[in-house]
1. Mind counting the residues in region 42-62 that are under 18 Å from residue 29 (Cα atoms) and out of contact with any helix residue (DSSP H, G or I) (no Cβ under 9 Å at 6 or more places or on another chain)?
2. Among the residues of region 9-26, are any modelled with pLDDT of 85 or more, surrounded by 12 or more Cβ atoms within 10 Å (Cβ to Cβ) and in a helix (DSSP H, G or I)?
3. Taking into account only those residues within region 27-54 that are modelled with pLDDT of 85 or more and under 18 Å from residue 71 (Cα atoms), which is nearest to the chain's Cα centre (by Cα)?
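The values are calculated or read from the model by the stated rules, or taken from the named source; none is laboratory data. Computed from a predicted model, the values in this text were never measured in an experiment. Neighbour counts are summed over all protein chains in view; Cβ atoms, including those assigned to glycine, are modelled from backbone coordinates with ideal geometry.
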């Protein structure tokens, strides 16, 4: 079965979405520490504990970096 790709250009402004829509989308994508109630100290503690236990802490590290720099990796 052949695959067909279609490209569509859509003009969208962030003003078209309310805060709740944007927060829901960020949570769905796992982006942004400000979406959760985690402070930088809580994130650092979680990273430290996961690192000690040999668990993956990449998500928390990404959240911390975004919370501090405001940039998504």
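1. Adding up the residues that qualify gives 2.
2. no
3. 43
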